[in-house]
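Working notes for the structure below.
Where a number appears in this text, it was derived from the coordinates with a stated rule and is not lab data. Values in this document were obtained by computation on a predicted structure and should not be read as measured data. Cβ coordinates were reconstructed from backbone atoms using ideal geometry, including for glycine residues, and neighbour counts include every protein chain displayed.
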Amino acid sequence: MSLASYIGCNIELTINDDEYSDASFYIGRCFAGVNELQNVRKYQFTTPYVYEVSSHWGIEISEYMNQVTYAESKVNLLELCKRMDSYLEKGDYFELYSCWIGEETDKREGEIILQINNFDIDQIEIPEKTLVRFEK
């Protein structure tokens, strides 16, 4: 099984979602198929557009994780916020949700609201099945 991370937003992003990338972080398909994207939009997000965030593993920040993956997730989350900040206008937001492939319809286990440019990466915890809303 694979841990996938998804973002939902109110704007359509210009990405090439048809090609897999070897980049360590990009917005586009990696693990998820059309059904997973539809399910996560329907059951988790409040936004019309949904994308997979690919880092060859989902973004999860939890003290119980492998320390290498934990550190990579922090870097990837900061990169995601940087990229999304360039797309979003003041007052807009995007949502992040990570789960195991096939668990997109499961009940979420938590919700967090963060300011896109105003959080301490070393003070947050984002376990799987947690919806995080990043506001600009």
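Eight or more residues apart or on different chains, and alpha-carbon atoms under 17 Å: count the Lys pairs in the chain matching that.
8
Report the antiparallel proportion of the DSSP beta bridges in the chain as a percent, rounded to a multiple of 5. Provide the component values of the computation, followed by the final result.
Numbers: 19 of 25 bridges.
Taking every DSSP beta bridge with both residues in the chain, the antiparallel ones total about 75 percent.
Along the Cα→Cβ direction, 7 angstrom out, place labels at residue 105 and residue 13. What is the inter-label distance in nm?
In this crude spin-label approximation the distance works out to 2.6 nm.
Could you line up 1, 84 from fewest to most neighbouring Cβ atoms inside 10 Å?
Ascending number of Cβ neighbours within 10 Å: 1, 84.
Using Cβ counts within 10 Å as a stand-in for footprinting exposure, how do 57, 100 rank, fewest first?
The order, fewest Cβ neighbours first, is 100, 57.
Among 58, 97, 31, which residue has its Cα positioned farthest towards the positive end of the charge dipole of segment 3-135, with +1 placed on the Cβ of Lys and Arg, -1 on the Cβ of Asp and Glu, and the dipole taken about the Cα centre?
97
For residue 125 paired with residue 34, estimate the spin-label separation in nm (one decimal), with each label point 7 Å from Cα along the Cα-to-Cβ line.
4.0 nm
Could you check the simple spin-label distance between residue 89 and residue 74, using points 7 Å along Cα→Cβ, in nm with one decimal?
Rounded to a tenth, the inter-label distance reads 3.5 nm.
How do 47, 14 line up, fewest other C-beta atoms within 10 Å first? Don't skip to the answer; put the middle values down first.
Values: 47 17, 14 7.
So the residues, fewest neighbours to most, are 14, 47.
Can you give the relative contact order of the chain as a percent, counting alpha carbon pairs under 8 Å and 6+ residues apart? Present the calculation step by step, with values, prior to reporting the outcome.
Details: 252 pairs, mean separation 41.6, N = 136.
Once normalised by length, the contact order is 31 percent.
Wrap a convex hull around the Cα atoms of the chain, take a quarter of its surface area, and give that in square nanometres.
7.6 nm²
Can you compute the helix-only [θ] at 222 nm over the chain? Use -39500 (n - 2.57) per DSSP H run of at least 4 residues, normalise by all residues, nearest 500 deg cm²/dmol.
-7500 deg cm²/dmol
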